[in-house]
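Questions regarding the structure given below will be posed in turn.
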Amino acid sequence: MIIETSDLTKMYGKKVGCSEICLSVGEGQIFGFLGPNGAGKSTLVKILVGLLFPTSGTAKILGRPLGDLEARRKTGFLPENFRYQDWLTGEELLSFHASLYGLSAQDKKRRIPAVLEQVGLSGKERQRVGTYSKGMQQRIGLACALLPDPELVFLDEPTSALDPLGRREVRQIILDLRRRGKTVFLNSHLLSEVEMICDQVAIIHKGRIISTGVLEEMLSGAVEVEVQVEAQTPQMLSEFSALSRKMTVDGSRIRLSLNDRKDVGSLAGIVVRNGGRLFSLKAVQGSLEDLFIDLIQEGGGNHHAGHNPTNL
Amino acid sequence: MLAITLLTFKEVIRRRIILITLFLTLVFLVLFGTGVHYGYEEMAGQAGPLEMMLTQQFLALGLYFGSFIVAFLAIMAVVGAISGEIEGGTIYAIVPRPVKRSAIILGKLLGYGFMLCVFAVLFYIAILLIIRFNTGLNVPVKPAALGLFCLQPLILLAVSLFGTTFLSTLANGIAAFMLYAIGVIGGMMEQIGYLASSEVLIQIGIVSSLIMPADAIYRKIVYSLLATPEVSMASMLGPFGSMSEPSAWMLLYTGLYILCFLVLAVRIFSKRDL
């Protein structure tokens, strides 16, 4: 496992930062870490990169305990509220971080132009970071994180300051990292972005993991169906309700959240049996946003997975 | 650690800390030189046997205010060395790199320490040259005194580096200045205590030099420069002089004082959440 945590807990006095986090992230994956503001996302990332010390629990990064310098040599990190020494040029900043990573002069010569090219900042390296736009600063931060050609990259909101084109480029960089067998831990509130590129996700709420798993499987469990029926009867609605977790009726349109995809076929039978007229029946794949909102609203009661390490 | 030290050098140059300090130091030295020139010219002729004392008073004044300036530079430069980076967010990209937190503290110590020592050496030599050219008093450079002049900002460096690991930049700045002021005022009280034969004032001076030994180091510099086996001119300089030479134990205490603050700085920073 590239990342493995066991009952990782951080308390700020009596306030919970994150509680009993058990995660296992395998090699070569893009792992999305989601949660509402203040849920504990950044706390966990900060613990994993060595900015915070856990109150209890253990974690291993690249098979080594937290804080191990050898593991850090192979780990890249782009902090969320990044700000770099604005009196340095882009090239000097990269050279400084390359020195922190212990890269040799030869490696520096090779890696600095490579990462500048990778993040689209070639030709801008002699400008001072203070003159960079927000987007360029985010790119230089990403370049710093990629300097050692890391096995594992923590990206905390990597596209928050980027325009749509920039976001697409960063997504491409992340996908390219996965293609090369690297592992990416992506902390983002942009659900559509996570949905587009992540293999697995974990959702954290009030400091606890409330759901975790392979994204595709998580989404396939929740099926949204929209049925257009006329001549509805109370019996028909009652039977619909029995099959679904949630049902909303808007005139002839009925929207159902089914518990099981197999129940889609039963809906037509219920309509016909109760003398209704079926105009359309459309199954819609649940989006990550729907799942996320459902889980947060439920408070994670039925989806708690925090105590059981999930091999992803 | 070397990367942090080099970055610290670059920072003091790029952020114009050195430039502004050198400019204002030049202004001070020009004013001091002008003052010594005209003061000596107008007063020395009438001073008679007190001419030597007057000359040495100028030297003591130069070294006293020189110590002030070097101490202020130490505090101002270092006060936000860690806290400023936490407040600005730059530390979040440095600590997760494969570098020990102790190396970050020691790298900054080396960077600022070297800069302060170079500045102190230049300042010390400038004061001696101004005195020599204007009064003809040939004060030998004395490496030991020069070393002590460099030691003063290192005390403030250690204290400020300790404070910056857990206080905000502003709070640390206030604390360091107050501590320095305690040392300075205590040192003056001690000298007045000797003149007035007040044991209480002398004790206040001793306690204050234990709280902040920078002023005691200044007294030792003055004593070592101006005292001769026959007579100690240093004792005749009032609050700027030195009635008795701080002992070697004081130097040992100062060394331990610096070491203690550095160890605490490393320990606190190594364990704190960011």
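Among the numbered criteria (1) touching a Ser or Thr at 6+ places or on another chain (Cβ under 8 Å); (2) within 14 Å of another protein chain (Cβ to nearest Cβ); (3) not in a helix (DSSP H, G or I), which single criterion is violated by B:Arg97?
Only one criterion is unmet by B:Arg97, namely (1).
Continuing with the same structure: Sort through A:Ser192, A:Ser122, A:Ser133, A:Ser211 and tell me the only one that's farther than 19 Å from B:Gly89 by Cα, in the same structural domain as A:Gly40 (by TED's automatic domain parsing), surrounded by fewer than 20 Cβ atoms within 10 Å (Cβ to Cβ) and at pLDDT below 90.
A:Ser192
Residue check, A:Arg167 against (1) more than 22 Å from A:Phe33 (Cβ to Cβ); (2) part of a helix (DSSP H, G or I), all met but one. Which one?
(1)
Filter segment A:92-103 for residues that are in a loop (DSSP other than H, G, I, E, B) and either surrounded by fewer than 16 Cβ atoms within 10 Å (Cβ to Cβ) or over 29 Å from the mean Cα position of the chain (by Cα) (or both) and give the result.
A:Gly102, A:Leu103
So which of A:Leu121, A:Leu165 is aliphatic (A, V, I, L, M) and either under 21 Å from B:Phe9 (Cα atoms) or touching a residue at least 12 places away in the same chain (Cβ under 8 Å) (or both)?
A:Leu121
Any residue at all in segment A:146-160 that's hydroxyl-bearing (Ser, Thr, Tyr), open to solvent by less than 10 Å² (accessible area, probe 1.4 Å) and either more than 26 Å from A:Gly50 (Cβ to Cβ) or modelled with pLDDT of 90 or more (or both)?
no
Follow-up. Sort through B:Leu146, B:Leu170 and tell me the only one that's among the hydrophobic types (A, V, I, L, M, F, W, C) and within 20 Å of B:Arg219 (Cβ to Cβ).
Values: B:Leu170 fails: within 20 Å of B:Arg219 (Cβ to Cβ).
Answer to the selection: B:Leu146.
Continuing with the same structure: Would you say B:Gly163 is part of a helix (DSSP H, G or I), at pLDDT 95 or above and under 30 Å from A:Phe96 (Cβ atoms)?
yes
In segment A:70-91, which residue that is open to solvent by 40 Å² or more (accessible area, probe 1.4 Å), in a helix (DSSP H, G or I) and more than 7 Å from every other protein chain (Cβ to nearest Cβ) is nearest to B:Leu7 (Cα to Cα)? Break it down stepwise before answering.
So in segment A:70-91, the residues open to solvent by 40 Å² or more (accessible area, probe 1.4 Å) come out as A:70, A:73-74, A:80-81, A:83, A:86, A:91.
Those still in the list that are in a helix (DSSP H, G or I) too: A:70, A:73, A:91.
Those left that are additionally more than 7 Å from every other protein chain (Cβ to nearest Cβ): A:70, A:91.
Values: A:Glu70: 23, A:Glu91: 13 Å.
So, considering only residues that are open to solvent by 40 Å² or more (accessible area, probe 1.4 Å), in a helix (DSSP H, G or I) and more than 7 Å from every other protein chain (Cβ to nearest Cβ), the one nearest to B:Leu7 (Cα to Cα) is A:Glu91.
Mind counting the residues in segment A:193-222 that are assigned to a strand (DSSP E or B) and on the phi < 0 side of the Ramachandran plot?
Final tally of qualifying residues: 12.
Report whether or not A:Phe53 is in a strand (DSSP E or B) and assigned by TED's automatic domain parsing to the domain that holds A:Arg178.
Here the answer is no, as A:Phe53 does not meet what is asked.
Pick from B:Leu24, B:Leu29, B:Leu116: which is more than 14 Å from chain A (Cβ to nearest Cβ), open to solvent by 60 Å² or more (accessible area, probe 1.4 Å) and closer than 21 Å to B:Phe149 by Cα? Can you show your working first?
Values: B:Leu29 fails: open to solvent by 60 Å² or more (accessible area, probe 1.4 Å); B:Leu116 fails: open to solvent by 60 Å² or more (accessible area, probe 1.4 Å).
Being more than 14 Å from chain A (Cβ to nearest Cβ), open to solvent by 60 Å² or more (accessible area, probe 1.4 Å) and closer than 21 Å to B:Phe149 by Cα holds for just one of B:Leu24, B:Leu29, B:Leu116, which is B:Leu24.
Inside segment B:8-47, can you point out the residues that are part of a helix (DSSP H, G or I) and of a type in the set (D, E, K, R)?
Of everything in segment B:8-47, those that are part of a helix (DSSP H, G or I) and of a type in the set (D, E, K, R) turn out to be B:Lys10, B:Glu11, B:Arg14, B:Glu41, B:Glu42.
Can you tell me which condition A:Gln106 does not meet? The list is (1) of a type outside the set (Asp, Glu); (2) facing chain B (nearest Cβ under 7 Å); (3) more than 28 Å from the chain's Cα centre (by Cα), and all the others hold.
Every listed condition holds for A:Gln106 apart from (2).
Same structure, new question: What single numbered condition from (1) closer than 18 Å to B:Gln56 by Cα; (2) open to solvent by less than 30 Å² (accessible area, probe 1.4 Å) fails to hold for B:Met212?
Among (1) closer than 18 Å to B:Gln56 by Cα; (2) open to solvent by less than 30 Å² (accessible area, probe 1.4 Å), the lone unmet condition for B:Met212 is (1).
In this structure, is B:Val118 part of a helix (DSSP H, G or I) and without any contact (Cβ under 8 Å) to a residue 60 or more places away in the chain? Can you show your working first?
Details: part of a helix (DSSP H, G or I): yes; without any contact (Cβ under 8 Å) to a residue 60 or more places away in the chain: yes.
Judged against the criteria, B:Val118 is a match.
The values are calculated or read from the model by the stated rules, or taken from the named source; none is laboratory data. Note that this is a predicted model, so its numbers are computed, not measured. Neighbour counts are summed over all protein chains in view; Cβ atoms, including those assigned to glycine, are modelled from backbone coordinates with ideal geometry. Accessible surface is based on the protein model in full, side chains and every heavy atom, while ligands, DNA and RNA are left aside. Shrake-Rupley method; radii C 1.70, N 1.55, O 1.52, S 1.80 Å.
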